[in-house]
Amino acid sequence: MVDLPDTHLKAATQVPERFVINEVPVQPGIAPLAATEPPPPLGPLAAFTGDFTGHGFNTIFRPQNPTTPTDIPNQQPNSDNILELNLTVETLSFSDSLGSVPNRGRAQGDIFLNGVPYRQSISDVTDPLKATPIHLEPGIWVFVPPTTDPAESVATVARMASIPHGTTINAQGTVASIAGGPASDGSAPDNLKIPKVDPGKSAITPSSIVGGGLITFPSQTVADATTARIPQDLSGVPAITQVLLDDPNSLLNGHIAGANILFTDVLTIDTDSQKSGIPGGGTNNINFLVGDAAAPNADAARMTAMFWIEIVQAQIEVGPLNAGASQTVSPVVPAGAPAAIFTVTSPSAITGKQSITVTYTQIQYSQNVSLNFQGLSWPHVSVATLVPFGDPQTGEIAIRIDVVQSGDTLSGIASRFGVTLGALEAANPQITNPDLIFPGQVVVIPTKTVLYTVQPGDTLSGIAAQFFRVTLDALEAANPQITNPDLIFPRQVIRIP
């Protein structure tokens, strides 16, 4: 991956310390009800924490005016557009959740939202010797509870963002979950798979589409080295293939081919309320982009996107390793996919190679913005795969391990490191029998709160008793968002105390 100068991840927004949104007290000295309750749930947005980095692909048809033509080797003065292609690297940084954000209602009683601020930055690395920043986007993801007026029986999510070219978006949509990954050749439902995306153009007035279908241009042929495109000659950019140009989402499918994805949350959002079926939202553009209503310059009329939040499980090999030393390793990932980097430290020596299991969150997305100009709606497609970025300088995710000694027990190791047995078991899914460990075996020591994803058929008491050997009371105390311990649902994330 290209190392971008001066682009180390920083906080998504400069949120003041201990700044958590809440409603104003009805009178001084009396705390509002919401202040005494846990913040509203984040749903799948709870996975949006910390920093992510990775790479992807961007394709955008830009309008071209003869007074400001794009300087390309083989000039195309008669073309009204230029196709720009970008191999990209990206950082996505999330801040802490906002808390209880009150929304006052007249037709329906008040509701409370919760959200996560983010900052996205994207650079072009088509030229491997030079990274060119091309996009910076601050925004907020929010989780919206079900409502009666309007009638939304299920929770939704919304993404609110500002784009520096002069566009703001408010895109709302649905949440779904699947066991496994979203690969197009897998068992995921069709509406949750990574679909084929066709970058063909359509007329703004559909009845005027030539032949009744999508329109393609010579710039969409990779082998054409003299067309209206940058880079114009793609012979020196082997990563941009005809397959990729025909379907940018093929990059995403390639990044997860053969990967062990346990679960996926799918966010599908749209700024067009008529197409999405969810009232509200839309795009707004500065006057230059909107232009004359009959001839817009580059009006961003609609944005659609799908985000796949994937729980990936992989194996990493550690050792040999001296006592107290560290080792930097990454799991084997599909060709071309970004890989998370782990720094493993052990207080005891590891004499040979051993395999341990790591689980991490991966984000994939596909976004399409419709840019209206010259009588057509031109696609602007962006796709990327992102993995966690740990240390602010190196990106490494710290893992602490220990080597089982003769006479050790799992409960004894947990006590030695000051963690619960439940957390230790959750961090070591490769240990199928907690009463059977052997000298020389490597055990992962959790360094932060361990999260467990509820499976079909699970109960809270069953999780406490069977899986983690913690009391039900301790489990309930660690998860105040669960107001009814008899009501948990698959894909819900709970904390192991």
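The values are calculated or read from the model by the stated rules, or taken from the named source; none is laboratory data. Computed from a predicted structure; not experimentally measured. Methodologically, a virtual Cβ is constructed for each residue, glycine included, from the backbone with ideal geometry; neighbour enumeration extends over all protein chains shown. Protein only, heavy atoms only, side chains kept; ligands, DNA and RNA dropped before computing areas. Shrake-Rupley method; radii C 1.70, N 1.55, O 1.52, S 1.80 Å.
So what is the relative contact order of the range 273-362, in percent, for Cα pairs below 8 Å that sit 6 or more residues apart? Can you show the working numbers first?
Numbers: 132 pairs, mean separation 24.6, N = 90.
The value is 27 percent.
Order of 397-404, 346-353 by packing, highest average Cβ count within 10 Å first? Intermediate values should be presented prior to the final figure.
Numbers: 397-404: 19.2, 346-353: 14.5.
Result, highest mean first: 397-404, 346-353.
What FRET efficiency, computed as 1/(1 + (r/R0)^6) with R0 = 51 Å and r the Cβ-Cβ distance, is obtained for Thr459 and Gln242, rounded to the nearest 0.05? Walk me through the intermediate numbers first.
On the way: r = 52 Å, r/R0 = 1.02.
After rounding, the FRET efficiency stands at 0.45.
Of the labelled options (1) 25.2; (2) 28.9; (3) 24.5, which one gives Kirkwood radius over Cα pairs in Å as computed for this structure?
Correct label is (1).
Could you work out how far apart the two model spin labels at Thr68 and Tyr360 are, taking each label as a point 7 Å from the Cα in the direction of the beta carbon, and quote it in nm?
If labels sit at Thr68 and Tyr360, their model points lie 4.1 nm apart.
At a probe size of 1.4 Å, how large is the accessible area of His165, to the nearest 10 Å²?
Here the accessible area works out near 120 Å².
Using protein chains only and a probe of 1.4 angstrom, how many square angstrom of Glu152 are accessible, to the nearest 10?
Here the accessible area works out near 40 Å².
Sequence gap at least 6, Cα distance under 8 Å: using those rules, report the relative contact order of the chain to the nearest whole percent. Display every interim value, and only then the final one.
Numbers: 1124 pairs, mean separation 64.0, N = 497.
For the chain, the relative contact order is 13 percent.
When all protein chains stay in place, what accessible area (Å², nearest 10, 1.4 Å probe) is found for Asp272?
Around 40 Å² of this residue is reachable by solvent.
First select every other residue whose beta carbon is under 15 angstrom from the beta carbon of Phe438; then total the charges, Lys and Arg +1, Asp and Glu -1. Can you show the working numbers first?
Details: positive: none; negative: Asp402, Asp408, Asp435.
Summing Lys/Arg as +1 and Asp/Glu as -1 gives -3.
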